[in-house]
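Participant: Attaching a single structure in structure tokens format; questions to follow.
The values are calculated or read from the model by the stated rules, or taken from the named source; none is laboratory data. Remember, it's a predicted structure, so these values are computed and weren't measured experimentally. Cβ placement follows ideal geometry from the backbone for every residue including glycine, while neighbour counts extend to all protein chains displayed. These accessible areas exclude ligands, DNA and RNA; they are computed on the full protein's heavy atoms, side chains included. Shrake-Rupley method; radii C 1.70, N 1.55, O 1.52, S 1.80 Å.
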Amino acid sequence: MKRLIALGAVGLAGCSDPAPAPEDAAVDATPYELSIAAPHPLGYAPFEPDAGVEMRVGFQSFRYTRVVLVARGAVPPSTPGRIRLDIEGFDRTEQRVNAITFREGVSGEWVSPALMVYANDIQLAGAVGHRATISVELDDRRHRASATYTGVVRWDPSCIEDSEYRCLPVSSPTDGGAR
């Protein structure tokens with residue numbers, strides 16, 4: 001038995017270390033600049049210092065805010081990401097996005113289409129006036145970027161948006177909230 005253990009130990013001593021594992025590409029991912037802006041008919045508009053986070057009620061009482069991402073640098077044409085919305089006093093909402101696309105804008109900027117950041121479990125009437133933070137993290141393992149925007153929650157209870165984001169006045173305001 002001692003000979004078998006000794007032969008096994010000698011056999012293992014002759015083995016070389018396995019090839020080094022490839023480095024995680026995310027560690028060396030190229031960072032690029034990212035900011036969060038407001039949607040505008042001409043593309044986007046930078047948030048004013050007191051803009052706040054404008055919440056909306058839309059089709060089937062979905063509750064959301066819309067944002068546009070503006071990037072500079074080594075921007076991939078499409079990337080997965082994660083978007084979080086934290087409103088003081090409410091549970092965080094988070095959504096994963098498989099492919100946020102960018103199109104080339106002016107002056108070296110890359111612009112996403114308007115993205116809907118959902119907050120369906122939040123009663124908007126109770127959230128008005130609370131501080132909200134939108135956080136975006138993009139990472140395709142070769143490129144990465146992040147941005148945040150913080151403002152006070154605003155909401156117009158007399159408006160429900162249609163599929164083209166036009167405000168349709170309602171006679172009895174509702175937010176479809178669960179809490």
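Participant: Carbon and sulfur atoms: what percent of the 1.4 Å accessible area of region 28-179 do they account for?
Facilitator: Ligands and nucleic acids excluded, carbon and sulfur give 50 percent.
Participant: Between residue 158 and residue 50, what's the calculated FRET efficiency when r is the beta-carbon distance and R0 is 22 Å? Round to 0.05.
Facilitator: Computed FRET efficiency for residue 158 and residue 50 comes out at 0.55.
Participant: Could you list the chymotrypsin sites (Phe, Trp or Tyr not before Pro) in region 33-62 that lie in coil according to DSSP, counting only those with at most 15 other Cβ atoms within 10 Å of their Cβ? Write down the numbers at each step before the final one.
Facilitator: Working: sites: 44, 47, 59, 62; in loops: 47, 62.
Of the chymotrypsin sites (Phe, Trp or Tyr not before Pro), the ones in loops of region 33-62 whose Cβ has at most 15 other Cβ atoms within 10 Å are 62.
Participant: Grab the beta carbon distance between residue 42 and residue 91, set R0 = 45 Å, and tell me the FRET efficiency rounded to 0.05.
Facilitator: The computed FRET efficiency comes out at 0.80.
Participant: Additional query: Each label point is 7 Å from the Cα along the Cα-to-Cβ direction; what then is the distance between the points at residue 84 and residue 99, in nm?
Facilitator: My value for the distance between the label points is 2.7 nm.
Participant: Now, a different point. Less than 13 Å from a label point 7 Å out along the Cα-to-Cβ axis of residue 150: which backbone N atoms in region 111-139 qualify, by residue?
Facilitator: The answer is 131-135, whose backbone nitrogens lie closer than 13 Å to the label point.
Participant: Nearest 5 is fine: what % of DSSP beta bridges in region 21-92 come out antiparallel, could you say?
Facilitator: Just about 100 percent of them are antiparallel.
Participant: Taking a ≥ b ≥ c as the square roots of the Cα gyration tensor eigenvalues, with a/c under 1.5 meaning rounded and otherwise prolate when a/b beats b/c, else oblate, which class fits region 38-84?
Facilitator: Oblate shape, in that a/c is at least 1.5 and b/c is the bigger or equal ratio.
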